[in-house]
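Peer 1: Dropping a structure here in C-alpha cells format, bear with me for questions.
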Amino acid sequence: MSKIRISKPDKNLEGTITLSGSKSISNRVLIIRALCDESFKISNLSDSDDTRTLQQLLISDDAVLDAHHAGTTYRFMTSYLALQNGSRQLTGSARMQERPIKALVDALSAIGANIEYADKDGYPPLDIHSPSANFEREVSLSASISSQYISSLLLVAPTLPSGLTIHLIGDIVSKPYLEMTLRIMEYFGVSHEWSGSSIHISAQKYLAKDFFVEADWSAASYYYIITALSDEADITLKGLRQDSLQGDKAMADIGVHFGIDTEYLDNAIRIKKGDRVVKPFLEYDFIMCPDIAQSVSTMAAGSGVSCLFSGLQTLKIKETDRIAALKKELAKVHVYLSKLPKRFSKNKHVEYYMQEGDIEGDEMAPTFATYKDHRMAMSFAPLAMLFDIEIEDHLVVTKSYPSYWEDLKSLGFKIKTVSES
C-alpha cells in the first residue's frame, strides 16, 4: 500500500487551480447520451475513475460488467440495463457488494424489469435480463435512503412506453441531486411535473444537444479547508459558477462561518481568507449535501470549531462507513465525533452528532487511513497546513480527482512517498 508524507512550509497560499468537470453531472449526461437517438458532444467531462468506468460500461459488449467502486455508476447502470434486451451481469468491488441495492431493484421489478440477485439478496452482483413487454406507469420508492436510486429511475423514465410517475415515501435526502437530474433532463428536452411527493415524467425523447460540464464543487471544498487553515490565502478555482446545478455549492456559504470570502468571476471563483472572526460553534444539516460533510468536519477540527451535525445518515452506505471512518481518524488528533443519545436530541427523529476537541499533531506525523474512500484522503490532506501528516493509499483520489496531489503541489505543499507495497 502506498503512503505519502505531506507538509506545508508556511501558511500562505496563492494560485490558480483548474478543476475537472463534475462527476455527478458527467455521469448523468453520459446516461442521457446513451438513451438518446443521436450522439452529441460532451465537453469538460470528468476525468474521474467513476466516469471513465461508466463510459466503458456503456459501450461494452461483455456479458459481465464490473463497476468496481463506483456507486453512482452501478446505480445508473442498473436502471439502464434493466430496459435493454439480453442478459448481463452487473458486478462491482468487494465493498460494492456490501452496499444495498434492494430499493432500486424492487422499484425496477415493480415496473417490469427482470432482475435476479446473483449471490446475496439485496446486494450486487445482479443478473439483469430482458424486461417485460408491459411496463407499469407508477412506482413507489423510499426517498430517505439514497437520491441516486431516484435519479437512476428518473433518467430512464421518459424512455418507458407510458413514462413514469414516482411516488416518494419519507423525507428526501440530497434533494439538490434530484433537482440537478431534472434540470439536466430539461436541457435535453424532457419536461416533468413535481407535485407534492410525486414526480411525473411522460414518455418523451431526449434531444441531442452539445453539453459543457461545470467543474466539481465537492472538489472545491478541499480548497475551502486549506483557506480556512491558512494565515493568508488567495486561490482561484476555474470552472465553477454561481448558478451551479450542484448542491455542494453550499460550501461557499459554510465558508463564511470560517472567515472565507467567495468572489464569483466569469466561470471561476476566487476564495480568500477574510478578516472576520471565526465563530466557535457550527450547527449544520447535511441532508442536502452529504458529500461535503467530511470536508466541513476536518475544516472545523483544524479551526477549533465545535459542531453539531445532522443529515449524515447516507454516509454509512458510501465507499466506506464515513461516520465510523471520521470518528477513528479524527481521534488520532484528539478531536472526537460522537452520536448524541436521543434524549439529548432536539428532534428525536433526527440523528445528531457532536464534534469537539482541540486538534493536536504528535511529534511524529499522524498517519490517516483512507478506507478506499477518496473523500477521506482529500479532506484530511489539508491538515498538513497545521503539521506534517501521512496519508495511506493516497492513489484512491483517482476515483474522483486524479490530479489532486499535483494541484496541492502547485500551491506549495511538499509531498513525498514514504512507503510502497
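Peer 1: Which order results if ASP275, ASP171 are arranged by neighbouring Cβ count within 10 Å, fewest first?
Peer 2: Result, fewest neighbours first: ASP275, ASP171.
Peer 1: So how far, in whole Å, is the C-alpha centre of segment 174-209 from the one of segment 353-411?
Peer 2: 37 Å
Peer 1: Determine the shape class of segment 97-142: with a ≥ b ≥ c the square roots of the Cα gyration tensor eigenvalues, call it rounded for a/c under 1.5, and otherwise prolate if a/b is greater than b/c, oblate otherwise.
Peer 2: Because a/c hits 1.5 or more and a/b fails to exceed b/c, segment 97-142 counts as oblate.
Peer 1: Considering only DSSP beta bridges whose two residues both sit in the chain, what percent are antiparallel, to the nearest 5?
Peer 2: 65 percent
Peer 1: Given LYS328/LYS409; LYS41/LYS416; LYS316/LYS414, which pairs have Cα atoms separated by over 30 Å?
Peer 2: LYS41/LYS416; LYS316/LYS414
Peer 1: Post the alpha-carbon centroid distance, segment 32-93 to segment 100-126, in whole angstrom.
Peer 2: 17 Å
Peer 1: Using Cα atoms only, what is the angle between the long axis of helix 322-331 and the major principal axis of the chain, expressed in degrees (0 to 90) to the nearest 10?
Peer 2: Around 10 degrees separate the two axes.
Peer 1: Same structure again: Below 27 Å Cα-Cα, how many Lys pairs turn up in segment 176-294? Only count pairs eight or more apart in sequence, or on different chains, if you could.
Peer 2: Lysine pairs meeting the criterion: 8.
Peer 1: Among (i) 1.40; (ii) 1.04; (iii) 0.99, which one is Cα Rg over 2.2 N^0.38 Å computed from these coordinates?
Peer 2: Label (iii) holds the value from this structure.
Peer 1: Among the DSSP beta bridges whose two residues both lie in segment 281-421, what percent are antiparallel, rounded to the nearest 5?
Peer 2: Antiparallel bridges make up about 50 percent of those DSSP assigns within segment 281-421.
Peer 1: What does the highest-first list of 303-311, 17-25, 352-360 look like by mean Cβ count within 10 Å?
Peer 2: 17-25, 303-311, 352-360
Peer 1: Here is a further query. Can you check how the C-alpha radius of gyration of segment 153-218 compares to 2.2 N^0.38 Å, as a plain ratio?
Peer 2: That ratio works out to 1.18.
Peer 1: Give the shape of segment 23-212 as rounded, prolate or oblate, defined through the alpha-carbon gyration tensor: a ≥ b ≥ c are the square roots of its eigenvalues, a/c under 1.5 means rounded, and otherwise the shape is prolate if a/b is larger than b/c and oblate if not.
Peer 2: It comes out rounded by the Cα gyration axes.
Peer 1: Nearest-5 percent of antiparallel DSSP beta bridges in segment 23-212?
Peer 2: The answer is about 60 percent antiparallel.
Peer 1: Now a separate question. Say the dipole of segment 142-249 comes from +1 at the beta carbon of Lys and Arg and -1 at that of Asp and Glu; which of TYR149, ALA203, HIS192 then lies farthest toward its positive end?
Peer 2: So the residue furthest toward the plus end is ALA203.
Peer 1: Another question about this same structure. If you take the square roots of the eigenvalues of the alpha-carbon gyration tensor of segment 239-350 and sort them as a ≥ b ≥ c, do you get rounded (a/c under 1.5), prolate (a/b over b/c) or oblate?
Peer 2: Prolate.
Peer 1: What angle, in degrees between 0 and 90 and rounded to the nearest 10, separates the Cα long axis of helix 147-156 from the longest principal axis of the Cα atoms of the chain?
Peer 2: 40 degrees
Computed from the coordinates by the stated procedures, all read-outs in this text should not be read as laboratory data. What you see is a predicted model, and the numbers here were worked out from it, not measured in a lab. Here the Cβ is made from the backbone with ideal geometry for all residues, glycine too, and neighbour counts use every protein chain on show.
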